[in-house]
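Heads up: the structure comes next, in structure tokens.
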Amino acid sequence: MLSDYLNEEMIRLKVKAEDWEDAVRQGGSLLIDAGFCEDRYVDAMVEAVKTMGPYMVMAPGLALAHARPEDGVLGLGMSVITLETPVEFGSEKNDPVSLIISFGGVDHESHIGMLQALARFLMVEENQEFLRNATSIPEVLDSFKDY
């Protein structure tokens, strides 16, 4: 269940971000603070967008920030941030982004269950909209408990 991967420290709402890079770094900092990754993992997430473009922007307004396990992942983890003001990643189809979910897995398989649960949650458009407009971290956590 998604609630197994999140706690109140892994969620921030209405974050102020200067641009997409700042937003990715803020979501990644929650993973660092929780001990799920090293600083270099967040650097790798940013570098991935710079070199490969906005492939992390998976749906309108939604980015799934990640990098490769060998870039500094220490444990399976996920963070969720919403932005006070959406940012542009350069995705013609899905910008601007207001919801960033950052994650990391220690290998190429350990995070599959977490991503499957996340996909089930995000496939319900109302859930994405709920996250974008959320004002209470406990309510966000509660929304994940059935997925």
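The values are calculated or read from the model by the stated rules, or taken from the named source; none is laboratory data. Remember, it's a predicted structure, so these values are computed and weren't measured experimentally. Glycine gets a Cβ as well: all are built from the backbone with ideal geometry, and neighbour counts include every protein chain shown.
Checking each residue in the stretch 79-131 for being touching a residue at least 60 places away in the same chain (Cβ under 8 Å), assigned to a helix (DSSP H, G or I) and hydrophobic (A, V, I, L, M, F, W, C) picks out Met114, Ala117, Leu118, Phe121, Leu122. Screening the stretch 1-33 for residues that are of a type in the set (Ser, Thr, Tyr) and either over 23 Å from Ser110 (Cβ atoms) or within 13 Å of the chain's Cα centre (by Cα) (or both) and picking the one that is surrounded by the most Cβ atoms within 10 Å (Cβ to Cβ) gives Tyr5.
Does Ser79 satisfy the criteria of being among the polar types (S, T, N, Q), touching a strand residue (DSSP E or B) at 6+ places or on another chain (Cβ under 8 Å), at pLDDT 95 or above and within 25 Å of Ala134 (Cβ to Cβ)? Answer is yes for this residue. Only one of the numbered conditions (1) under 14 Å from the mean Cα position of the chain (by Cα); (2) surrounded by 20 or more Cβ atoms within 10 Å (Cβ to Cβ) is violated by Tyr55, and that is (2). Within the stretch 71-80, does at least one residue satisfy the condition of being crowded, with 22+ Cβ neighbours inside 10 Å, in contact with a helix residue (DSSP H, G or I) (Cβ under 9 Å, 6 or more places away or on another chain) and more than 18 Å from Ala48 (Cβ to Cβ)? Within the stretch 71-80, one or more residues are crowded, with 22+ Cβ neighbours inside 10 Å, in contact with a helix residue (DSSP H, G or I) (Cβ under 9 Å, 6 or more places away or on another chain) and more than 18 Å from Ala48 (Cβ to Cβ). Please verify whether Val73 is farther than 19 Å from Gly105 by Cβ, in contact with a Phe, Trp or Tyr (Cβ under 9 Å, 6 or more places away or on another chain) and not aromatic (Phe, Trp, Tyr), treating the condition exactly as stated. For Val73, the condition - farther than 19 Å from Gly105 by Cβ, in contact with a Phe, Trp or Tyr (Cβ under 9 Å, 6 or more places away or on another chain) and not aromatic (Phe, Trp, Tyr) - is not met. Note on the stretch 34-51: among residues that are in contact with a helix residue (DSSP H, G or I) (Cβ under 8 Å, 6 or more places away or on another chain), among the hydrophobic types (A, V, I, L, M, F, W, C) and buried (at least 19 other Cβ atoms within 10 Å of the Cβ), the one that is farthest from Phe103 (Cα to Cα) is Val49. Residues in the stretch 84-93 include at least one that is hydroxyl-bearing (Ser, Thr, Tyr) and farther than 12 Å from Ala23 by Cβ.
Kindly indicate whether Tyr55 is over 23 Å from Thr135 (Cβ atoms) and either assigned to a helix (DSSP H, G or I) or touching a strand residue (DSSP E or B) at 6+ places or on another chain (Cβ under 6 Å) (or both).
The answer is no for Tyr55.
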